[in-house]
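Read-outs: derived from the displayed coordinates by stated rules, not from any lab. Note that the coordinates shown come from a computational prediction; the quantities given were computed from them, not determined experimentally. No Cβ is skipped: glycine too gets one built from the backbone with ideal geometry, and neighbour counts run over all protein chains shown.
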Amino acid sequence: MEEKIDLLIRNASELLTLKGENKARTQWEMNELGIIKGGSVAVCDGKIHAVATDEEIEWIVEVSTDTKVIDAKGKTVMPGFVDPHTHLIFSGSREDELHMKLEGKSYLEILSIGGGILRTVRDTRFAGEDKLFETAQKVLDRMLNFGTTTVEAKSGYGLETETEIRSLEVIKRLNEEHTMDLVATFLGAHAIPHEYEGNPDGYVNLVVGDMIPKVGEKKLAEFCDVFCEQDVFSVEQSKRVLLAGKEYGMTPKIHADEIVRLGGTELACEVGAISASHLMESSEIGIMEMALKGVIGVLVPGTPFALMQKEYPRARYMIDSGVPVALATDFNPNCWTESMQFMIALACYNMGMLPSEAIVASTINAAHAINRADEVGSIEVGKKADIIILDAPNHLHIPYRFGGNLVETVVKGGEVVVERAESSER
Ligand code: NIG
Ligand code: FE
């Protein structure tokens, strides 16, 4: 029987459905985009109602005068991007650190002289809730324009109970008031604040004994993350934080083995983390364990790019070893990019990922990395109608035409929320 629908996107030159088993994709599965040439999607009540070829769809659904019809001829239609790792909440910016980086100063050196994260912490502590909200709102607007429809957002620039809670409350408010869907992660253990300099265990006590119980009781975060790194949090300290988070219902995530091979990758597997990020220096054993446990490797190629590094994480090796890989922007004041399209380009040019793998990593695998794969990440019946239309005849154009914005239309929960004219700036 034909059914009435609200929106019909028809006749895409490529419709990337990303359909497949409800699990994070690995190895050859990461090549499967579920492409329908001349594909159409019907939307009803904010959800995907039917997916078929243009000829078939007319038999399945009824187009009424109330149905909005978008002709996607010559265009690529796909699920909205999911960005599973961002440091969305902070105040200020750090553009001047570019000069230090050009002089050859490393990330940890800049941090040790009070720059980096600690500088942003100073700015963030001074900012009120409205300022944090407004800054993040603008970033989310730009992300949406670039085709991202779901975002994970971390706290982590407060490093004191009050500002960490305020950051998470801003995320909650953004989720309620902004078009974007947000998923909150508590990252109180992001750096050691100056008042605990030389006393990292004292700070871990505060995170574990005060912040986590409060965040947990207020149900402000689904995930708990930690920056496990030399001169930041050791493997033991990170473990304490992640296990404490788990006790309060927060699933572990981790910044692991970014600069020094400390063993954060192995820790992710030990504590049952849903994902581990960065992984620049992960050991072979750590990578093998991730594959066995299904821990998602969230790779953030914008970060080595922003740090002017030649080395990137070994994506090819990870995929071939069976790790489900996702991509993220790692949006933060050191790596200011709102574009998942650019991450796809970096993944292909600098990490040896195929365009199809990078797209899987930016949609369905990214959704799995934040436990949202039941709702988003693919164009399948029953999922949220978060759909983007690209002014490009096929998916290869995404990495091929890097640095711009191919997204023309963004549909969020069935509503057209971005519509960029043909002639608009790209
Ligand atoms: O994931 N490495 C730790 N945290 C962030 C950077 C934060 C910052 O520099 O402000 C990251 O890259
Ligand atoms: Fe990060």
* Structure fact -> Counting every C-alpha pair in region 1-79, the percent lying more than 14 Å apart is 61 percent
* To do: For region 298-319 and region 122-136, write down the distance between their C-alpha centroids in whole Å.
  => 30 Å
* Asked: Over its Cα atoms, what ratio of radius of gyration to 2.2 N^0.38 Å does region 305-367 give?
  -> 1.07
* To do: Report the convex hull volume per residue for region 343-402, counting only C-alpha atoms, in Å³.
  => 85 Å³
* **Mean-position separation - Cα centroids, region 14-63 and region 72-121, in angstrom** => 34 Å
* Packing-based exposure ordering (other Cβ within 10 Å, fewest first) of Glu229, Glu160 -> Glu160, Glu229
* In degrees from 0 to 90, rounded to the nearest 10, what is the angle of the helix 161-177 Cα long axis to the longest principal axis of the chain? -> 10 degrees
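Going down the table (Lys37/Lys68; Lys19/Lys73; Lys19/Lys219; Lys19/Lys218), which pairs top 24 Å between alpha carbons?
Too far apart for the 24 Å limit: Lys19/Lys219; Lys19/Lys218.
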* Asked: Convex hull over the Cα atoms of the chain, averaged projected area in nm²?
  -> 19.5 nm²
* If you project the alpha carbons of region 56-189 onto the principal axes, what extent comes out on each, in Å, largest first? -> 66, 35, 21
* Rounded to the nearest 500, what is the 222 nm mean residue ellipticity of the chain from helices alone, with -39500 (n - 2.57) per DSSP H run of 4+ residues and division by all residues? => -10000 deg cm²/dmol
* Over the Cα atoms of region 132-194, how large are the radius of gyration and the largest Cα-Cα distance (Dmax), in Å? -> 12.1, 38
* Have a look at Ile171, Ile388, Ile36 and tell me which one the Gaussian network model of the chain (Cα, springs below 10 Å) gives the largest fluctuation. => Ile36
* Restricting to region 82-369, what percent of DSSP beta bridges are antiparallel, rounded to 5? -> 5 percent
* Asked: For Trp28 and Asp374, what is the calculated FRET efficiency with R₀ set at 25 Å and r taken between the beta-carbons, to the nearest 0.05?
  -> 0.60
* Asked: Hey, fewest Cβ within 10 Å first, where do Thr265, Thr303 land in order?
  -> Thr303, Thr265
* **Cut-off under 5 Å, modelled amide H: who pairs with Thr53 long-range** => Ser40
* Asked: Can you give the relative contact order of region 6-160 as a percent, counting alpha carbon pairs under 8 Å and 6+ residues apart?
  -> 26 percent
* **Set Lys154/Lys383; Lys23/Lys383; Lys47/Lys75 screened for pairs whose C-alpha atoms are more than 23 Å apart** => Lys154/Lys383
* Counting pairs of Cα atoms in region 76-133, how many percent are more than 16 Å apart? -> 57 percent
* To do: May I ask for the distance between the Cα centers of region 381-425 and region 180-220, given as a whole number of Å?
  => 37 Å
* Asked: Can you list the residues, at least 5 places off or on another chain, whose amide H is less than 5 Å from the amide H of Val260, using H built in the peptide plane?
  -> Gln230
* If one takes the longest principal axis of the Cα atoms in the chain, at what angle in degrees, from 0 to 90 and to the nearest 10, does the Cα axis of helix 116-126 lie? -> 80 degrees
* **Length added when fully stretched, Leu98-Ser64, from 0.36 nm per residue minus Cα-Cα** => 6.7 nm
* Report the relative contact order of region 2-51, percent, no decimals, based on alpha-carbon pairs under 8 angstrom and at least 6 residues apart. => 47 percent
* Structure fact -> Across Val232, Val410, Val77, the residue with the highest GNM fluctuation in the chain (Cα network, 10 Å cutoff) is Val232
* Karplus couplings for region 45-58 from phi (6.51 cos²θ - 1.76 cosθ + 1.60, θ = phi - 60°), rounded to Hz, Gly and Pro as x? -> 6, x, 10, 6, 9, 7, 9, 6, 6, 4, 5, 6, 4, 4
* For region 82-369, what is the relative contact order in percent, using Cα pairs closer than 8 Å and at least 6 residues apart in sequence? -> 17 percent
* If each of Lys131 and Lys73 carries a label point 7 Å out from its Cα toward its Cβ, how far apart are those two points in nm? -> 5.3 nm
* Amide proton proximity set for Thr251, modelled H, under 5 Å, gap of 5+ -> Phe223, Cys224
